[in-house]
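One structure below.
The values are calculated or read from the model by the stated rules, or taken from the named source; none is laboratory data. Values in this document were obtained by computation on a predicted structure and should not be read as measured data. Note that we place each Cβ from the backbone using ideal geometry, even for glycine, and neighbour counts take in every protein chain shown.
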Amino acid sequence: MVLELRNAKKTFGEGNTLVEAMKETNFKVERGELVAVIGPSGSGKSTFLTIAGGLQSPSEGQVIINGNELSKLNEKQRSKIRLQEIGFILQASNLVPFLSVDEQLELLNKVKKNNMPKEERQQLYEDLGIAKLHKKYPSDLSGGERQRVAIAKALYSNPAIILADEPTASLDSDRAFEVMELLRDETKSKQTATIVVTHDTRLIKYFDKVYQMTDGVLELQ
Amino acid sequence: MFLAWSEIKRNKLRFLLITSILLLVSFLVFFLSGLANGLASMNREAVDKWDADAVLLTEESDKSLYQSAFNKEEADALGADETAIVGQMGSIANNGDVKKNVIMFGIDPEEFVMPKVTDGAAEFSVENGVIASDALKDDGFKIGDKLELSSSDTELEIVGFTDKARFNASPVLYMDLEDLQQLKFGDAAEINADIVSAVVIKDKSWNSLEVPADMEIIEMETFIENLPGYTEQNLTLTYMIYFLFVISAAIVAIFLYVLTVQKISMFGLMKAQGISSSYLAKSVVAQTFMLALIGVVVGFGLTLLAGSFLPSAVPVQFDLPTMIIYGLILIAVAILGAVISVWTIIRIDPLEAIGG
């Protein structure tokens, strides 16, 4: 089990103003699995994603990433877990505007412990079809290209988990399908546990499992 | 360093602007320090050249050479390692073309205040011969010039030049004490033959010398600080320099803070991905260091370049160790200016950056 939520719950406020953003949730994902969490905006998808990604702690329950129980760690240690174990693909392009494609990965190379050998990095570029773009800056790339670079960043040095927040939001259908195919191929070949949060129901055919989030309740479809 | 330098390369213009401001501030700091040093030299270089430890003056003169007069035998009674007598008189010297305010020091050529000449005769080879400060050369004075004085009919003759011989902003004319007494007291010279203004003392343990009645022994530095206008002028320039340090810290702080605020969401995303605050903070500090270093080094070079084009009338004199220290302080205060940005980065919540 790579990622597990045990009786995790997130509430904000107290008394009359208490809001349950995420009701008691049990969730598991294994290596090689591509999982979707779908639901309308405001349903608690993002809360789920940030808790699963160790960006915030659940009010109750546990989050276990690769054997590490997150609630027992401080922010510095959680930051380390995020860096080493999780690849994020975010809705807003998570590229650094003043770094070229090569430098985006070079930055990870500087801060991450387990680095990717040069050949493997080259293979990653080719898998994602961005080998020719490596000298370009984000402002020179199309939305699809940018998202592929973001995927390359997320996959850099083979994290256990990929968390993607609306990775196809800014893309047309063809590009969106392309990106999903890439994610599926990489999930299978790299044996990562990939969770995609989306409201885009066109994509459902790509997933092994689909969860529906409604008013803070997560249900397997 | 990687992140810092990549950003500078990609955003040359905005970093060029801040570097140029740092450059101008450092130029001003270096220039003012040169000016302070040059003005100080104008006042004290003759005294510095004596390389003495203390000076004997009358107590009622209140540490002023101009107001002090006493019998030179006091020097013998001191029992110091080495002493030198100095008489003084101010005047206007006129070589026929140029008039110049000068101060004449009457000395004993056998004693250590006797200057080494850089040009001309090494002794007072003729009656009323003087060894003049080479600052007068720039004004058109030459060896062999006959100098008319404003206060006497006696003519002096320049027999040699020496370097570093200005006192209280006037070029010094060194001459035999006997000649000076004649000039100063005229017919009364005989009676006043033993009257001097000061006795310069070379003795590390001057503090333990027995001070004669109504006299005062003061350290050379104290003597210089009490020259008219010296301390006031120094403090003014020093305060300007200190203020510039504060200004450059403020400029850097504001600029970096604006840049950091612009990048909050980017830093938040990086933090969400697990890049540590300390890495990002180090990057900002490294960036500040690079900008400040470039600004200060170029400012340093420009200051020296500008200094070499200045007319000699501008009393700028660069002291490299002082400039290097000021340069390091400028870099240090710039980095201090980055502290607000570092604090901002540490406080960024990655959760907000990804809109969770």
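List of remarks:
- Check on A:G54, out of contact with any Pro (no Cβ under 6 Å at 6 or more places or on another chain), free of Cβ contacts under 8 Å to residues at least 60 places away in the same chain, of a type outside the set (D, E) and within 14 Å of chain B (Cβ to nearest Cβ): yes
- At least 2 residues being touching a Phe, Trp or Tyr at 6+ places or on another chain (Cβ under 6 Å) is the threshold, and among the helices (runs of 4 or more DSSP H) wholly inside the stretch B:1-105 those reaching it are B:2-10, B:12-50.
- Residue check for A:V63: of a type in the set (A, V, I, L, M), buried (at least 20 other Cβ atoms within 10 Å of the Cβ), at pLDDT 90 or above and part of a strand (DSSP E or B): yes
- Residue in the stretch B:258-280 that is of a type outside the set (S, T, N, Q), more than 11 Å from chain A (Cβ to nearest Cβ) and more than 30 Å from A:Y156 (Cα to Cα) present: yes
- Which listed residue is within 14 Å of chain A (Cβ to nearest Cβ) and either crowded, with 20+ Cβ neighbours inside 10 Å or over 13 Å from the mean Cα position of the chain (by Cα) (or both), from B:L28, B:L22, B:L3: B:L3
- Of the listed requirements (1) in the same structural domain as B:A84 (by TED's automatic domain parsing); (2) at pLDDT 95 or above, B:F223 misses just one: (1).
- Listing of strands (runs of 3 or more DSSP E) fully contained in the stretch B:115-177 that carry 2 or more residues being touching a helix residue (DSSP H, G or I) at 6+ places or on another chain (Cβ under 7 Å): B:152-162, B:170-176
- Residue in the stretch B:131-145 that is touching a Ser or Thr at 6+ places or on another chain (Cβ under 8 Å) and among the polar types (S, T, N, Q) present: yes
- All positions within the stretch A:18-30 that are touching a residue at least 40 places away in the same chain (Cβ under 8 Å) and either surrounded by 15 or more Cβ atoms within 10 Å (Cβ to Cβ) or closer than 17 Å to A:S57 by Cβ (or both): A:E20, A:A21, A:M22, A:K23, A:T25, A:F27, A:V29
- Meets criteria (over 28 Å from the mean Cα position of the chain (by Cα) and free of Cβ contacts under 8 Å to residues at least 24 places away in the same chain) for B:R10: yes
- Qualifying residue in the stretch B:111-119 (condition: over 29 Å from the mean Cα position of the chain (by Cα), over 16 Å from B:S170 (Cα atoms) and surrounded by fewer than 21 Cβ atoms within 10 Å (Cβ to Cβ)): no
- Considering the stretch A:31-51, and only residues there that are more than 11 Å from chain B (Cβ to nearest Cβ) and in contact with a helix residue (DSSP H, G or I) (Cβ under 8 Å, 6 or more places away or on another chain), the residue that is surrounded by the fewest Cβ atoms within 10 Å (Cβ to Cβ) turns out to be A:G32.
- Scan of the stretch A:87-105 for residues that are more than 7 Å from chain B (Cβ to nearest Cβ) and either among the hydrophobic types (A, V, I, L, M, F, W, C) or not in a loop (DSSP other than H, G, I, E, B) (or both), ordered by number: A:G87, A:I89, A:A92, A:L95, A:V101, A:D102, A:Q104, A:L105
- Boolean, A:K80 is out of contact with any strand residue (DSSP E or B) (no Cβ under 9 Å at 6 or more places or on another chain), surrounded by 15 or more Cβ atoms within 10 Å (Cβ to Cβ) and facing chain B (nearest Cβ under 9 Å): yes
- Restricted to the stretch B:11-69, and to residues there that are hydroxyl-bearing (S, T, Y) and out of contact with any helix residue (DSSP H, G or I) (no Cβ under 9 Å at 6 or more places or on another chain), the residue that is nearest to B:Q262 (Cα to Cα) is B:S64.
- Test: residue in the stretch A:179-197 that is surrounded by fewer than 17 Cβ atoms within 10 Å (Cβ to Cβ) and within 14 Å of chain B (Cβ to nearest Cβ): no
- Yes/no for B:A286 being in contact (Cβ under 8 Å) with a residue 24 or more places away in the chain, under 30 Å from B:I345 (Cβ atoms) and either in contact with a His (Cβ under 6 Å, 6 or more places away or on another chain) or more than 13 Å from chain A (Cβ to nearest Cβ) (or both): no
- Residue match in the stretch A:108-126 (condition: more than 12 Å from chain B (Cβ to nearest Cβ), in contact with a Lys or Arg (Cβ under 6 Å, 6 or more places away or on another chain) and surrounded by fewer than 21 Cβ atoms within 10 Å (Cβ to Cβ)): no
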